[in-house]
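Below is one structure; the comments refer to it alone.
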Amino acid sequence: MTPAVGCGEERTASAARHRSTRFVPRHILRLCFFSAPRITAWAIATLTLIPVLVVASALLDPDQEIWAHLWRYTLPELLVNTVWLALGVGLGVSLLGITLAWLTAACEFPGRRFFTWALLLPLALPAYVTAFVWLGLLDFTGSLPTWLREAWGIQHLPPIRSRGGVILVLALALYPYVYLTARSAFQGQGRRLMEAAQSLGLSPVRGFFRVALPMARPGIVAGLSLALMETLADFGTVSVFNYNTFTTAIYKAWFSLFSLPAASQLASILIFFVLVLVLLEQVSRQNKRYAHSARGGGGSTRIHLAGWRGWLVASFAGLVFLLAFAVPFTQLLIWAWYAAGTDLDPRYFAFIGHSLLLSGLGALLVATLAVALGYAQRLQPTPGMVFTARLATIGYALPGAVLAVGFFIPVAWADNLIIDQVRAWTGREVGQILGGTLAVMLLAYCARFLAVGFSSVEAGLGRITRSLDEAAEVLGVTGLKRLRRVHLPMLRVPLLAALALTFVDIMKELPITLMTRPFGWDTLATRIFEMTSEGEWERAALPAVAIAIVGLLPIFFLIRDPDAKAC
Amino acid sequence: MLKLVSVAQSYGRKTVLNDISFQLTPGQIGCLLGPSGCGKTTALRLIAGFEKLDRGEIRIHGETVARAGWSLAPEKRQVGLVFQDYALFPHLSVATNVAFGLSGLDNDARTLRVRQMLKLVGLSREAGAWPHQLSGGQQQRVALARALAPKPRLLLLDEPFSNLDVDLREKLSLEVRDILKHEGITALLVTHDQHEAFAMADAIGVMNAGVIQQWGPPYTLYHQPANRFVADFIGQGTLLPGTVLNHRQVEIELGVLDGVVDGDCGEDGGCSHCELGCQVDVLIRPDDIIHDDASPLLAEVERKAFRGADFLYTLRLPTGGRVLAQVDSHHNHALGEHIGIRLGVDHVVAFRK
């Protein structure tokens with residue numbers, strides 16, 4: 001790579017910019033390493049990199065004593081549990097996601113239009129909510145087993161509080177990720193390639209395995225890796241089920257054993273798992289180019305599943321919809337109805353207020369950073385800039401528990417530094433300044449959810465042609481003025497989507513909120529956690545319903561998405 | 001080889017194909033030519049098996065593959081298909097694309113066949129490449145190789161050259177014709193481009209509104225169009241009003257035309273069934289008008305288009321009628337100039353008014 005390639009000014013062929021740099025010697029141009037877009041992008045990337053580096057450094061500098069203790073008592077169980085969970089959930093979401101995506105994208109059966117969007121609804125329920133509802137329903141004292149015992153004399157049901165139970169609940173909660181990406185991949189293919197396969201002598205079933213499935217693979221892998229990242233990041237579900245994984249172990253190390261070093265050791269191992277997934281996903285992104293290179297062929301001709309086959313497929317989709325959404329949501333409403341009488345007090349409104357405040361602030365912050373990063377990348381579309389943007393948005397892969405630890409350590413360090421300095425200079429004692437404030441939470445949210453906002457903004461910017469930028473430029477409107485007058489008005493819909501998606505994600509987020517909130521500062525999510533750890537399903541249902549209803553909001557964006565809608 | 005008998009199809013109340021019949025002999029290259037929406041693509045998809053017909057019958061090699069209420073699955077028809085957008089599998093290399101339909105063969109035989117096909121289309125060196133790395137013309141040839149590899153009984157080509165540059169289109173259509181003729185393949189092509197049809201096909205069916213207007217070799221279609229639609233769709237030309245004088249003569253503004261009368265009027269033995277003095281429209285092609293400075297007949301140059309080897313002049317006749325004239329390119333006349341012309345018609349095409 002020549003030195004000039006790293007310098008964006010020379011690569012963007014814009015007349016006006018050439019005008020302004022015409023008399024600048026080339027060697028000075030190379031100094032544009034410190035250009036405003038680049039500094040902005042790196043500043044945002046640093047936000048994500050701090051916790052990663054802090055936690056990763058724990059892996060490089062292991063504390064022998066803690067390590068030995070972990071290795072003897074906890075690690076074997078955590079590793080076995082995590083690997084089983086990842087394998088089981090991976091298999092479950094693939095089976096559910098791929099089959100449902102193929103059936104709704106390429107076939108015709110009774111209720112297909114309904115299922116196309118209804119199968120996305122489980123996204124509105126956080127996994128830890130679905131989890132406690134099923135526990136409440138199927139636990140020994142739950143209503144269903146009690147009824148089975150009394151009415152039918154059935155004594156032994158497979159225990160829900162088991163590895164299989166966790167896997168099942170997580171698969172039902174997370175399959176929409178695969179469903180969504182696989183479906184849009186199947187739809188992008190059109191019918192033409194399947195017809196080509198048929199004209200070469202392949203039956204539709206063989207065509208699916210030799211053409212449709214391999215071509216959808218990048219999309220499927222992307223969805224699968226997202227679902228697995230959520231699995232590794234999950235804290236709420238596994239703790240309701242008392243199923244020990246790294247996230248619960250980090251929480252315990254911190255809050256029960258008060259050992260931040262142990263927590264960061266565990267976090268560093270978890271990050272290693274995440275890294276594998278990130279690589280997997282990046283590779284699938286690179287392969288994605290061919291998913292778009294061949295389109296065409298109206299998707300109008302679907303395979304008609306007539307008679308019993310159509311009804312079989314419809315009942316399969318219906319069963320998934322019932323188990324993943326309808327049953328838990330209905331049960332939530334019923335419980336919430338009972339609990340509303342006693343629990344709907346000022347304290348409950350404080351939870352809602354806290355949740356709205358946090359989610360609102362976080363969403364605004366994320367949207368601002370996303371626009372800054374997206375615009376920086378547009379001004380200097382160099383490979384270096386794309387790489388920086390990737391780094392800045394890597395946080396979506398990091399479990400909240402890891403981010404909490406990763407931000408807490410440097411903040412505590414900075415606080416101690418300030419306290420010491422103040423003492424040395426003035427002799428006065430001050431409390432912690434940064435730790436235990438909303439600032440840490442918001443930073444952690446930004447790191448984790450920047451990717452959600454950024455992907456929406458980036459796609460929106462991508463749809464604005466470059467000639468519009470240049471048109472504005474020759475008319476004398478440049479820089480931030482151009483952003484305000486040209487880009488932001490055109491980005492209204494993607495920005496709204498970014499705000500909505502981030503808002504809901506922050507509202508559902510549990511471990512970051514739980515581990516970094518100011519003392520006594522409860523939100524809907526932490527309230528649910530508190531109630532479920534005590535087995536108070538009915539009282540957990542009230543805040544859960546609030547989250548679920550807000551959670552339906554971004555699904556409308558997904559349904560409005562042309563890819564998902566073209567049915 | 002391929003035979004369609006009174007094939008009809010409709011979507012809801014809209015008739016797409018109405019009583020289509022034609023057949024191809026072994027090794028013949030046929031073509032369905034017509035404007036978009038004329039039903040030609042539907043006809044192709046019926047033969048491939050992707051659509052179901054309402055009436056009639058389709059036979060390949062004497063075997064019925066479709067009739068009302070029954071249709072053999074596309075994968076069982078042994079019909080090769082080259083798609084308009086080529087539909088190459090983007091996740092497979094060139095060689096594996098070509099090998100895709102060769103399921104019954106063992107590995108060696110398959111490799112051999114793929115090598116043969118790639119050599120045939122001149123892409124031996126691109127065997128390991130990916131579809132997106134190829135140019136449009138190369139993709140086209142891969143699509144052809146892939147369709148031919150399983151030795152289909154019939155090859156169908158859907159607008160095969162419409163995605164290519166004009167230059168490449170001509171070159172490739174001749175190349176593809178050579179390959180098909182060399183392999184003795186029976187093929188049916190569908191296009192809206194008459195140049196493509198003329199370059200490729202032995203026999204052409206001009207289609208409009210779901211009906212084959214005329215079926216015949218390119219020469220016949222150009223010189224003896226059966227009706228106004230064919231006359232208008234194939235080649236250039238204008239219609240001038242005329243009066244029938246007798247069996248073999250029609251008088252138009254530019255003089256009296258002698259010769260066998262074709263077209264509408266020719267159905268029952270020339271103009272014999274017309275009464276004398278019957279009013280007709282006569283088709284005048286650009287090559288029917290000869291520029292002659294000595295001619296007393298003058299026409300005004302209204303428009304001109306330089307085409308390299310010749311000019312295409314649009315001429316205005318004294319009575320206001322217009323004709324096209326193809327004139328050698330060194331006769332460069334200005335707009336508004338009056339130039340001498342005479343008729344050079346050896347074959348009259350006339351349509352009753």
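The values are calculated or read from the model by the stated rules, or taken from the named source; none is laboratory data. These figures come from a predicted structure and were not determined experimentally. When we count neighbours, we look across all protein chains shown, and the Cβ atoms used for this are built from the backbone with ideal geometry, even at glycine.
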- [ ] Identify the residue in the range B:185-201 that is closer than 17 Å to B:M1 by Cβ and surrounded by fewer than 23 Cβ atoms within 10 Å (Cβ to Cβ) and, among all such residues, is farthest from the chain's Cα centre (by Cα).
- [x] B:I185
Open item on the list: Can you name every one of the helices (runs of 4 or more DSSP H) wholly within the range A:399-511 that holds 3 or more residues which are under 30 Å from A:V52 (Cα atoms)?
Closed with: A:400-426, A:438-462, A:492-508
TODO: Determine if the range A:284-291 includes at least one residue that is surrounded by fewer than 20 Cβ atoms within 10 Å (Cβ to Cβ), modelled with pLDDT of 80 or more and on the phi < 0 side of the Ramachandran plot.
DONE: no
Task: Residues of the range B:198-220 satisfying the condition of being more than 17 Å from B:I20 (Cβ to Cβ) and of a type outside the set (S, T, Y) - done: B:F198, B:A199, B:M200, B:D202, B:P217, B:P218
Open item on the list: For the range B:290-321, which positions are under 28 Å from the mean Cα position of the chain (by Cα) and crowded, with 16+ Cβ neighbours inside 10 Å?
Closed with: B:K304, B:D310, B:F311, B:Y313, B:T314
- [ ] Scan the range A:82-124 residue by residue and report those that are out of contact with any Pro (no Cβ under 6 Å at 6 or more places or on another chain) and part of a loop (DSSP other than H, G, I, E, B).
- [x] A:F109, A:P110, A:G111, A:L119
TODO: May I ask you to list the residues in the range B:137-153 that are over 21 Å from B:K76 (Cα atoms) and either within 13 Å of chain A (Cβ to nearest Cβ) or crowded, with 24+ Cβ neighbours inside 10 Å (or both)?
DONE: B:Q139, B:Q140, B:R141, B:V142
- [ ] Confirm whether A:F186 is in contact with a Ser or Thr (Cβ under 8 Å, 6 or more places away or on another chain) and either surrounded by 23 or more Cβ atoms within 10 Å (Cβ to Cβ) or assigned by TED's automatic domain parsing to the domain that holds A:P543 (or both).
- [x] no
Task: Any chance A:F209 is away from every other protein chain (no Cβ under 14 Å), in a helix (DSSP H, G or I) and either closer than 24 Å to A:P176 by Cβ or charged (D, E, K, R) (or both) - done: no
- [ ] Could you please let me know if B:L315 is in contact (Cβ under 8 Å) with a residue 60 or more places away in the chain and in a strand (DSSP E or B)?
- [x] no
- [ ] Give just the number: which of (1) more than 13 Å from every other protein chain (Cβ to nearest Cβ); (2) in contact with a strand residue (DSSP E or B) (Cβ under 9 Å, 6 or more places away or on another chain) does B:L120 not satisfy?
- [x] (2)
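A quick yes/no check of all residues on (1) more than 13 Å from chain B (Cβ to nearest Cβ); (2) in a helix (DSSP H, G or I); (3) over 16 Å from B:L92 (Cα atoms); (4) at pLDDT below 90:
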position	(1), (2), (3), (4)
A:V205	no, yes, yes, yes
A:A216	no, yes, no, yes
A:A222	yes, yes, yes, yes
A:S225	yes, yes, yes, yes
A:N242	yes, no, yes, yes
A:W254	yes, yes, yes, yes
- [ ] Looking only at the range B:82-102, decide whether some residue is modelled with pLDDT of 90 or more, surrounded by 17 or more Cβ atoms within 10 Å (Cβ to Cβ) and within 24 Å of B:P218 (Cα to Cα).
- [x] yes
TODO: Identify, from the list A:R217, A:R206, A:R210, the residue that is among the charged types (D, E, K, R), within 29 Å of A:L121 (Cα to Cα) and not assigned by TED's automatic domain parsing to the domain that holds A:P511.
DONE: A:R217
- [ ] For the range B:67-92, name all the residues that are of a type outside the set (K, R), more than 25 Å from the chain's Cα centre (by Cα), more than 8 Å from chain A (Cβ to nearest Cβ) and not in a loop (DSSP other than H, G, I, E, B).
- [x] B:W70, B:S71
Open item on the list: Restricting to the range A:202-239, count the residues that are without any contact (Cβ under 8 Å) to a residue 40 or more places away in the chain and crowded, with 21+ Cβ neighbours inside 10 Å.
Closed with: 2
TODO: Inspect all residues belonging to the range A:332-354 and state whether any of them is assigned to a helix (DSSP H, G or I), crowded, with 17+ Cβ neighbours inside 10 Å and among the polar types (S, T, N, Q).
DONE: no
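Residue-wise test of (1) surrounded by 13 or more Cβ atoms within 10 Å (Cβ to Cβ); (2) under 22 Å from the mean Cα position of the chain (by Cα).
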| position | (1), (2) |
| --- | --- |
| A:S467 | no, no |
| A:A472 | yes, no |
| A:L480 | no, no |
| A:L483 | yes, no |
| A:P489 | no, no |
| A:A500 | yes, yes |
| A:D505 | yes, yes |
| A:K508 | yes, yes |
Open item on the list: Take B:V176 and tell me if it is within 25 Å of B:G34 (Cα to Cα) and in contact with a Pro (Cβ under 9 Å, 6 or more places away or on another chain).
Closed with: yes
Task: Considering residues of the range B:93-117 that are polar (S, T, N, Q) and within 11 Å of chain A (Cβ to nearest Cβ) only, the residue farthest from the chain's Cα centre (by Cα) - done: B:S103
Open item on the list: So for the range A:483-499 (the condition being at pLDDT 85 or above and β-branched (V, I, T)), does at least one residue qualify?
Closed with: no
Task: Evaluation of B:K52 against (1) over 16 Å from the mean Cα position of the chain (by Cα); (2) surrounded by 15 or more Cβ atoms within 10 Å (Cβ to Cβ) (one fails), failing number - done: (2)
